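Data first, discussion second: the structure below is written as structure tokens.
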Amino acid sequence: MTELLSLDFMRQALLAAVLVGIAAPLVGVFLVQRRLSLIGDGMGHVALAGVAVGVLTGHAPVLTALLAAVAAAVAIELIRGRGRTSGDVALAVMFYGGIAAGVVIIAKSPSSSPANLTAYLFGAITTADQRDLWVFAGLAVVVLLTTWVLRPWLFAVANDEEYARAGGLPVTGLNIALAVLTAVTVVVSMRVVGLLLISALMIIPNATAQLLGRSFRASVRWAVLVGVVSSVGGVVASFYAETPSGGTIVLLAIALFVVAASASAAIAKARAHQHRRAERHDHEHGPDCGHAAIEHHDHVDYVHDGHRHAAHEGHYDEHDPARHEARKENAQP
Amino acid sequence: MTTASPAEPTAAPPILRLRQASFGYTDQPVVQGADLTVRAGEVVAVLGPNGSGKSTLVRGLMGLTTHLGGEVELFGVPRAEFHDFARLGYVPQRHTLSASVRATAAEIVAVGRLAHHHWWRPLLRSARDTEIVERALEVVGLSERAAADVSTLSGGQQRRVLIARALASDPDILVMDEPTAGIDAANQHVLAEVLSRLARRGTTMVIVTHELAALAGIVTRIVVIQSGHVAFDGTPDAFASRAGDFDAGAHDHHDDDDNRLTPTALAAAPAAGPLDPKGVRRS
């Protein structure tokens, strides 16, 4: 590890990995919430056209990619906002047009090679030049701060757009803001994860977090943690294994998802033995429901026909104090 | 901004006032020439068959359908100039809450507090916000489920989460679109209790509904929308004596497009003909 940190470009790569690992899941959670998990992938396609134009004209590919992705982001929201069914097809035309144009333009540029294209598509952090890295770092910090400030509003709009509109929130503006944040994240991440894989780092850590968290807040924290572990772990692993960073990061994120899914399934199975649903009843317990209430740790049990009921999700559980506290499996019913 | 003073109810402008208001989509009006005034403390049930325009009317009040003509005033301010959104508590018609990401009941209800914050300023939730969210959950009887993921709650409980969210903005009026639709009888009973608790606290409410029976004793006024027009506006007693004249809308059928019914015309209207779907059912 010290060997790793003594290398200048690896220090930069790790910093980039940390920033991308935080930003991608943080923006991605709102895409998952709005059921737009694949939109980042489409923006990556369009960004490739921007990269190609940059390579061909000799401008900084980062800048042209950013312009292309942001323009795509605004166009996507405007097309979606019109709410026509043909919007779906319009997006497909834009996304595939982007990647096709990218491949064709890059092939025509004198200074490019297939390796060059692969670096943008699949990520090769160690080949990025220093000036680009600073631009990426600056943009990543802007994305992080903006997402953090807008977080409650993005949540409100993604959760219930109609209610947000009725409450006077600038819904269209917030949707465009989220699309632009997604576009910038795609571009920022292109050297670390690659344009074809960045969407994975936005979505998969959130899928893992949905298994681990019990609230939106908690699941966002889990997603960021999983994102950072995947991206930093992936960069380190790719250094030793001599593999491309993007693919390594995404495989690691998927491995974490599989571990979390298996563990949570096992835990759910184990808990099912201890968890007994109360008999179905339409009555809702409450302060003046007429049943004796007993404070019990962090919740209240209601005495119902001689046994105890406690609220759990949408129903009531049987709480047998003897079994609950002494954990005697064969306690008297 | 506040021109209404709770101390002088007589001097207060009505909470809602529609004069010859039309609402609809782009240039297709669904509701036309609606006159309606709602004052503080009233609980108004808006009835009407499916497709009659009752949802369009309340969604128009909330700025969700296009206001095509006439006057709409909220708290004495024309709709276009109205920005004090926290005073309006809206409960949209929804059958399920989004389950694509986890969110607790308390997190959904906290969205209602956003009306008191500005989006360009970082949000620091105060103890007051937290307290109001807790109280809103308590009013709808969901205190114990505040930390539960909303997607695990039953349909009726989710509906109450939406009511709590509207209450969290501390509104002067609650506008609800079909709060009791599509939930089982027992949950409907719990929901009716919540609404009657709100009515006892003097909450002004406009409730679009199919199920007047569930709201009996809570409603102080009934408005019937038929074919995009206000066909009746009066007390529950007056409505009961004329009950046969209206289709309260529990059944799905198409409307007669050009049937401009006024109360007088209705009272004198002959029995529906054999080809009229209403007539067939009523016989």
Hits in the range B:201-217 - residues which are over 16 Å from B:Asp170 (Cα atoms) and of a type in the set (D, E, K, R):
B:Glu211
Condition set more than 7 Å from every other protein chain (Cβ to nearest Cβ) and modelled with pLDDT of 90 or more, scope the range B:109-128, selection nearest to the chain's Cα centre (by Cα): answer is B:Gly112
When residues of the range B:179-203 are filtered for being outside any helix (DSSP H, G or I) and open to solvent by 10 Å² or more (accessible area, probe 1.4 Å), how many remain?
7
Determine whether the range B:122-140 contains at least one residue that is out of contact with any Lys or Arg (no Cβ under 8 Å at 6 or more places or on another chain), under 25 Å from B:Ala45 (Cβ atoms) and free of Cβ contacts under 8 Å to residues at least 12 places away in the same chain.
no
All positions within the range A:170-187 that are open to solvent by 10 Å² or more (accessible area, probe 1.4 Å) and in contact with a Leu (Cβ under 7 Å, 6 or more places away or on another chain):
A:Ala177, A:Val184
Could you list, ordered by first residue, the pairs with Cβ atoms under 6 Å in which the first is in the range A:31-51 and outside any helix (DSSP H, G or I) and the second is among the acidic types (Asp, Glu) and open to solvent by less than 10 Å² (accessible area, probe 1.4 Å), at least 6 apart or interchain?
none
Could you tell me whether any residue of the range A:124-146 is closer than 26 Å to A:Val232 by Cα, acidic (Asp, Glu) and open to solvent by less than 20 Å² (accessible area, probe 1.4 Å)?
yes
Determine whether B:Val206 is within 14 Å of another protein chain (Cβ to nearest Cβ), of a type outside the set (D, E, K, R) and either in a helix (DSSP H, G or I) or under 21 Å from A:Asn159 (Cα atoms) (or both).
no
Output yes when any residue across the range A:215-228 is of a type in the set (Lys, Arg) and surrounded by 24 or more Cβ atoms within 10 Å (Cβ to Cβ), and no when none is.
no
State yes or no: is B:Arg102 assigned to a helix (DSSP H, G or I), over 23 Å from B:Leu195 (Cα atoms) and open to solvent by 40 Å² or more (accessible area, probe 1.4 Å)?
no
Apart from one, (1) more than 26 Å from A:Leu67 (Cα to Cα); (2) over 13 Å from the mean Cα position of the chain (by Cα); (3) crowded, with 20+ Cβ neighbours inside 10 Å all hold for A:Leu196; the odd one out is (1)
Going residue by residue through the range B:139-156, is there one that turns out to be assigned to a loop (DSSP other than H, G, I, E, B), under 18 Å from B:Thr203 (Cα atoms), touching a strand residue (DSSP E or B) at 6+ places or on another chain (Cβ under 9 Å) and within 9 Å of another protein chain (Cβ to nearest Cβ)?
no
Restricting attention to the range B:209-224, and to residues there that are under 17 Å from B:Gly41 (Cα atoms) and within 15 Å of the chain's Cα centre (by Cα), which single residue is most open to solvent (accessible area, probe 1.4 Å)?
B:Thr220
Those residues of the range A:124-151 which are hydroxyl-bearing (Ser, Thr, Tyr) and within 13 Å of chain B (Cβ to nearest Cβ), in sequence order
A:Thr146, A:Thr147
Tell me whether the range A:63-71 contains one or more residues that are open to solvent by less than 40 Å² (accessible area, probe 1.4 Å), in a helix (DSSP H, G or I), of a type in the set (Val, Ile, Thr) and modelled with pLDDT under 95.
yes
Could you figure out which of (1) of a type in the set (A, V, I, L, M, F, W, C); (2) more than 11 Å from chain B (Cβ to nearest Cβ); (3) open to solvent by less than 20 Å² (accessible area, probe 1.4 Å); (4) closer than 19 Å to B:Trp120 by Cα isn't true of A:Leu154?
(2)
Regarding B:Glu81, is this residue more than 10 Å from chain A (Cβ to nearest Cβ), touching a residue at least 12 places away in the same chain (Cβ under 8 Å) and either open to solvent by 10 Å² or more (accessible area, probe 1.4 Å) or more than 23 Å from A:Ala158 (Cα to Cα) (or both)?
no
Going residue by residue through the range A:3-18, is there one that turns out to be of a type outside the set (Asp, Glu), touching a helix residue (DSSP H, G or I) at 6+ places or on another chain (Cβ under 7 Å), under 22 Å from A:Ala124 (Cβ atoms) and part of a loop (DSSP other than H, G, I, E, B)?
no
Say whether the condition of being acidic (Asp, Glu), open to solvent by 10 Å² or more (accessible area, probe 1.4 Å), touching a residue at least 24 places away in the same chain (Cβ under 8 Å) and part of a loop (DSSP other than H, G, I, E, B) is met by at least one residue in the range B:57-77.
no
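Yes/no matrix, rows are residues, columns are (1) within 14 Å of chain B (Cβ to nearest Cβ); (2) under 30 Å from B:Gly60 (Cα atoms):
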{"site": "A:Pro170", "(1), (2)": "yes, yes"}
{"site": "A:Arg191", "(1), (2)": "no, no"}
{"site": "A:Arg217", "(1), (2)": "yes, no"}
{"site": "A:Val220", "(1), (2)": "yes, no"}
{"site": "A:Tyr240", "(1), (2)": "no, no"}
{"site": "A:Ile249", "(1), (2)": "no, no"}
{"site": "A:Ile254", "(1), (2)": "no, no"}
{"site": "A:Phe257", "(1), (2)": "no, no"}
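The values are calculated or read from the model by the stated rules, or taken from the named source; none is laboratory data. Everything quoted here is computed from the prediction, not taken from an experiment. Glycine gets a Cβ as well: all are built from the backbone with ideal geometry, and neighbour counts include every protein chain shown. In case anyone asks, the SASA skips ligands and DNA or RNA and just uses the protein heavy atoms, side chains included. Shrake-Rupley method; radii C 1.70, N 1.55, O 1.52, S 1.80 Å.
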